[in-house]
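Have a look at the structure below, then the notes.
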Amino acid sequence: MGHGNAAVYFDDGDGGDTMFGNVFVRCGEPGRGSFGTVFSHGGHDNHAENNIFIDCKRALGSAPWDEARWRDALQGGQDCFFIEKLLQEVDITKPPCTTRYPELVGYLDPPAGVPRVNHACLNLMVRCERSCLSARAPRAIMGVMTKTARIALGVPLAAGICVSAGSAPEAEIANGPIRVRLYLPDANTGFYRGTRFDWSGVIGDLEYVGHNYYPQWFQRSDPSVHDFIYDGADIVAGPCTAITGPAEEFVTNGKGLGFDQAKAGGTFIKIGVGVLRKPDDDNYDPFRLYPIKDGGRWTVSRRPDSIEFRHELADPSTGYAYEYRKTVSVAGDKPQMVLDHGLRNTGKRVIQTSVYNHNFLYLDRQAPSPDFSLTVPFRIRTSQPPASRLAKVRENHIAFSKTLTGEDRVYLDIQGFGADQKDYDIRIENRSVGAGVRITADRPLSRAALWAIRAPLSIEPFIDMNIEPGTEFTWRIKYEYYTIPKGGK
């Protein structure tokens, strides 16, 4: 076997390449080293996306360089010709290089201790002995494909790919009346690894007196699906939509933070996800899986009745940086779940954004129907009333005219709320199962919408924030679970 070989070999610190849409069959030989079908020797910021590996002994391999070797290479050593190629033939420290490719700023003088990583996203691995590096080379994981590799062993190529709930890291909190199961953020094996929703506090299940509020509403996930599709009796979700429970997303004018200012090849921010790469000049698409250049640092602290998530992120090329904290708790003996948040701006630029909760409510797996009611404390106005055969708005109440089936869809913007937090008070009840939930917050609504299909019923309340550097914005959302008489009005 000897040293081994690769089908694609990024050599001598080569970086910034994208390998997209290839099929590898019985390629590469690890040998006695760390070779893989795709191999990175010292490089970083290479991207392997949407590739298929079949019967490959090791799909992804790496031989990363330590800090000293990188510094030597950047000063002209290691036979890399970096000085000649990057400063003499062109000068990457000056425009137009720094303006067209902002990620090159500081490339020749990187901060000490910052890991150099490559990225893998939505690659299918069929009957591969190893997805990446062997246990004999644990340090090498710092240099290869550490982001979002989806692995499926021995499944038909036409099958949908998803991370099963049993394989994803999770935790549970409880206080007696309610039990909550949460998925933990993990770039390699996490249940949700899309680039739309916040990775923290993903709730896979909440049980209260025999009722299940947030079961999984889709049957499987498929990376080829844009948002979601119907496949007979199944709902198939794309990787950015395949999430459950009260999922939160941060948007700035409907986009990622800094997306409009980023040039193709540059970076922008999705709070709770990471620094994302803007591959081209296409419009922002929330259902597109953007490459994650830097996933930041996650810290998770667990207690029996609460879990705290902390996410620290900095992007020198855009000037954005933050410390984000989210605590999910069920403290006390009441059937309540509380989401406490804090977003501190540690960067140089103002963070102007909104956050909303998608609230994928799928109460006891009941489709939206006339048994459901949604009530708010203000008279509802909307610019796009739903089709009356599906739902109707009456004063401060929304009712469904029929049980949603097939490809029925209800969407409406909700207006009429005031500038006080008291209008962030939403009740959703189902008189058939005899259960409900009340959602309140300590910040006023800035926008609201209702989205419903034949599975989840989602009320989407928005909160605006404008955070100056060095300051913090906090907000709290409370969920109160309760029962009502079955069949009652």
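Return a yes/no flag: does segment 12-30 have any residue that is touching a Lys or Arg at 6+ places or on another chain (Cβ under 7 Å) and in contact (Cβ under 8 Å) with a residue 40 or more places away in the chain.
Of segment 12-30, the ones touching a Lys or Arg at 6+ places or on another chain (Cβ under 7 Å) are 28-30.
Those still in the list that are in contact (Cβ under 8 Å) with a residue 40 or more places away in the chain too: 30.
Within segment 12-30 (the criterion being touching a Lys or Arg at 6+ places or on another chain (Cβ under 7 Å) and in contact (Cβ under 8 Å) with a residue 40 or more places away in the chain), the answer is yes, since at least one residue qualifies.
Against the condition buried (at least 17 other Cβ atoms within 10 Å of the Cβ) and within 14 Å of LEU363 (Cβ to Cβ), how does ALA441 come out, does it pass? No, not satisfied.
Looking for something in the same structural domain as ASN212 (by TED's automatic domain parsing), surrounded by 19 or more Cβ atoms within 10 Å (Cβ to Cβ), under 26 Å from the mean Cα position of the chain (by Cα) and not in a strand (DSSP E or B) - is there at least one such residue anywhere in segment 383-404?
Taking segment 383-404 first, the residues in the same structural domain as ASN212 (by TED's automatic domain parsing) are 383-404.
Now drop any that are not surrounded by 19 or more Cβ atoms within 10 Å (Cβ to Cβ), which leaves 386, 391, 393, 398, 400, 404.
Filter once more, so that each one left must be under 26 Å from the mean Cα position of the chain (by Cα): none.
No, there is no match, as no residue in segment 383-404 is in the same structural domain as ASN212 (by TED's automatic domain parsing), surrounded by 19 or more Cβ atoms within 10 Å (Cβ to Cβ), under 26 Å from the mean Cα position of the chain (by Cα) and not in a strand (DSSP E or B).
When the test is whether a residue is at pLDDT below 95 and assigned to a loop (DSSP other than H, G, I, E, B), GLY470 does not pass it. Please identify the pairs in which a residue from segment 254-268 that is more than 17 Å from ALA321 (Cβ to Cβ) and hydroxyl-bearing (Ser, Thr, Tyr) has its Cβ atom under 6 Å from the Cβ atom of a residue that is surrounded by fewer than 23 Cβ atoms within 10 Å (Cβ to Cβ) and modelled with pLDDT under 95, counting only partners at least 6 apart or on another chain. Every condition considered, no pair remains. The residue that is modelled with the highest pLDDT, among those in segment 44-64 that are out of contact with any Lys or Arg (no Cβ under 8 Å at 6 or more places or on another chain) and either part of a loop (DSSP other than H, G, I, E, B) or of a type in the set (Lys, Arg) (or both), is ASN51.
Please work out which residue is nearest to TRP451 (Cα to Cα), limiting yourself to segment 367-382 and to residues that are assigned to a loop (DSSP other than H, G, I, E, B) and not aliphatic (A, V, I, L, M). If you could, list the steps in order and put the result at the bottom.
If we filter segment 367-382 for residues that are assigned to a loop (DSSP other than H, G, I, E, B), which is where we start, we get 367-371, 376-380, 382.
Now drop any that are not not aliphatic (A, V, I, L, M), which leaves 368-371, 377-379, 382.
Working: PRO368: 10, SER369: 13, PRO370: 16, ASP371: 17, PRO377: 19, PHE378: 19, ARG379: 19, THR382: 13 Å.
Among residues in segment 367-382 that are assigned to a loop (DSSP other than H, G, I, E, B) and not aliphatic (A, V, I, L, M), the one nearest to TRP451 (Cα to Cα) is PRO368.
Out of segment 444-467, which residues are of a type in the set (Val, Ile, Thr) and surrounded by fewer than 21 Cβ atoms within 10 Å (Cβ to Cβ)? Full working, then the answer.
So the first thing to find is which residues in segment 444-467 are of a type in the set (Val, Ile, Thr), and the list is 453, 459, 463, 467.
Scanning segment 444-467 gives a single hit, ILE467.
Restricting segment 173-191 to residues that are among the β-branched types (Val, Ile, Thr) and more than 13 Å from the chain's Cα centre (by Cα), the residue that is surrounded by the most Cβ atoms within 10 Å (Cβ to Cβ) is VAL180. Considering only residues in segment 69-98 that are surrounded by 14 or more Cβ atoms within 10 Å (Cβ to Cβ) and among the basic types (Lys, Arg), the one that is nearest to LYS263 (Cα to Cα) turns out to be ARG71. On the given criteria, is GLY28 at pLDDT 80 or above and in contact with a helix residue (DSSP H, G or I) (Cβ under 9 Å, 6 or more places away or on another chain)? Answer is no for this residue. Considering segment 318-364, and only residues there that are among the small types (Gly, Ala, Ser) and at pLDDT 95 or above, the residue that is nearest to the chain's Cα centre (by Cα) turns out to be SER354. If you go through segment 1-30 and pick out every residue that is over 30 Å from LEU86 (Cβ atoms) and surrounded by fewer than 16 Cβ atoms within 10 Å (Cβ to Cβ), you end up with 5. Of all residues in segment 425-481, those being in contact with an Asp or Glu (Cβ under 6 Å, 6 or more places away or on another chain), of a type in the set (Gly, Ala, Ser) and farther than 19 Å from ILE414 by Cβ number 1.
Listed here are the residues, each with its yes/no results for (1) without any contact (Cβ under 8 Å) to a residue 24 or more places away in the chain; (2) over 21 Å from GLU249 (Cβ atoms); (3) assigned by TED's automatic domain parsing to the domain that holds ALA449.
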{"site": "ASP315", "(1), (2), (3)": "no, no, yes"}
{"site": "THR327", "(1), (2), (3)": "yes, no, yes"}
{"site": "MET337", "(1), (2), (3)": "no, no, yes"}
{"site": "ASN357", "(1), (2), (3)": "no, no, yes"}
{"site": "SER373", "(1), (2), (3)": "no, yes, yes"}
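Evaluating TYR208 against the criteria (1) closer than 19 Å to TYR324 by Cα; (2) at pLDDT 95 or above leaves one unmet condition, (1).
Being of a type outside the set (Phe, Trp, Tyr) and closer than 30 Å to GLY232 by Cα is a condition met by no residue of segment 415-423. Here GLY470 clears all of (1) surrounded by fewer than 19 Cβ atoms within 10 Å (Cβ to Cβ); (2) more than 30 Å from the chain's Cα centre (by Cα) except the condition numbered (2).
Table: residues versus (1) under 23 Å from TYR356 (Cα atoms); (2) modelled with pLDDT under 95; (3) in a loop (DSSP other than H, G, I, E, B).
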position: TYR214; (1), (2), (3): yes, no, yes
position: PHE218; (1), (2), (3): yes, no, yes
position: SER224; (1), (2), (3): no, yes, yes
position: ILE235; (1), (2), (3): no, no, no
position: THR241; (1), (2), (3): yes, no, yes
position: GLU249; (1), (2), (3): yes, no, no
position: ASP260; (1), (2), (3): yes, no, yes
position: PHE268; (1), (2), (3): yes, no, no
position: LEU276; (1), (2), (3): yes, no, no
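For segment 430-463, a tally of residues being among the hydroxyl-bearing types (Ser, Thr, Tyr) and either closer than 18 Å to ASP340 by Cα or without any contact (Cβ under 8 Å) to a residue 40 or more places away in the chain (or both) returns 1.
The values are calculated or read from the model by the stated rules, or taken from the named source; none is laboratory data. From a predicted model like this one, the values you see are computed outputs, not experimental measurements. Positions of Cβ are generated from backbone atoms using ideal geometry, with glycine treated the same way; all protein chains shown enter the neighbour counts.
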